[in-house]
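Down below is the structure, laid out as structure tokens.
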Ligand code: NAP
């Protein structure tokens, strides 16, 4: 479904981002993996992708830094020729009730989750506009749709991502570029390691279980492929019915 396309996945070293890298590569895409600290995991993943027959490379880059992001994307374009798909997946949490949340906790989460996506979109925007095609997929969260106590910073960043998604979708629609958001519920990764299936919160998920990174990757594949060429500015929940 993605043969000869080049995809950049931020936060591709672990969790949902890693599953997206693997799913896109299975479907023929060449993969640029952006990571911030997990050098070993990113290197192991790119080796695995290369042995499956696609081109892959890892780039250490803190997406919260505009300069680092700009230079990583310049290098990616030099290495791969162009970019066709951007997945803004890098994300962090610093959960606390507002009463205990420090200004720095708020700024850090907004800087990675929201400004990081802006920083990456800035790099592909002129490329996609010029080639009159491209797919941007922003990984938001149901916390951005319905809020979540203890996540004022995170919910604000994920709600902001939805506004960013719709604006970029409107700006680039006439150029044939699609920009959509995915809003996952509880997905089994390092980020949710504290949650067990016995947690009462997990019990409140209508489907009765947490989701898997591979399930989010299937949805990302659809949004990255030709099958979704007439879908833009959309937010798709993948949450076992939690936020319905
Ligand atoms: P994860 O397992 O904690 O992985 C986070 C990824 O983001 C890692 O690859 C990490 O790189 C990267 N990253 C963190 N800060 C970065 C930075 N400043 N610059 C570049 N990369 C950075 O998280 P996950 O659960 O897969 O979550 C992926 C995305 O889905 C996030 O945006 C998250 O908010 C969203 N989401 C997750 C869930 C869930 O239940 N898991 C639900 C809704 C939404 P390193 O490995 O190098 O640290």
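Readers should treat all values here as calculations from the given coordinates under stated rules, not as data from a laboratory. This is a predicted model, so every value here is computed, not measured. Every residue, glycine among them, receives a Cβ derived from its backbone with ideal geometry; neighbour counts consider all protein chains shown.
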Candidates 55, 130, 23: whichever shows maximal mean-square fluctuation once the chain is modelled as a Gaussian network with Cα springs under 10 Å: 130
The chain: angle of helix 66-80 to the longest principal axis, Cα-based, in degrees nearest 10: 40 degrees
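Mind pulling the per residue volume of the convex hull built on the Cα atoms of segment 6-237? Å³ is fine. Numbers along the way, then the final one.
Details: hull volume 28.0 nm³, N = 232.
Output value, Cα hull per residue: 121 Å³.
Would you list 36, 140 from fewest to most Cβ contacts within 10 Å? Show your work: numbers first, answer last.
Working: 36 20, 140 28.
Result, fewest neighbours first: 36, 140.
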Max mean-square fluctuation residue, GNM over the chain, Cα-Cα springs under 10 Å, options 112, 87, 98: 98
Between segment 1-62 and segment 177-244, the alpha-carbon center distance in angstrom: 20 Å
Segment 6-237 - percent relative contact order, Cα under 8 Å, separation 6 or more: 20 percent
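Ranked from highest to lowest mean number of other Cβ atoms within 10 Å per residue, what is the order of the peptides 205-214, 157-166? Intermediate values should be presented prior to the final figure.
On the way: 205-214: 15.4, 157-166: 21.0.
In decreasing order of mean packing, 205-214, 157-166 become 157-166, 205-214.
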Rounded tilt (10° steps) of 116-131 against the dominant C-alpha axis of the chain: 30 degrees
Nearest 10 degrees, 0 to 90: helix 39-51 Cα axis against the chain principal axis: 50 degrees
GNM top mover of 69, 167, 192 - the chain, alpha-carbon springs below 10 Å: 192
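Rg to Rh for segment 1-141: what is it, with Cα atoms only and Rh by Kirkwood? Walk me through the numbers before you get to the answer.
On the way: Rg = 15.1 Å, Rh = 15.2 Å.
With Rh from the inverse mean 1/r over Cα pairs, Rg/Rh is 0.99.
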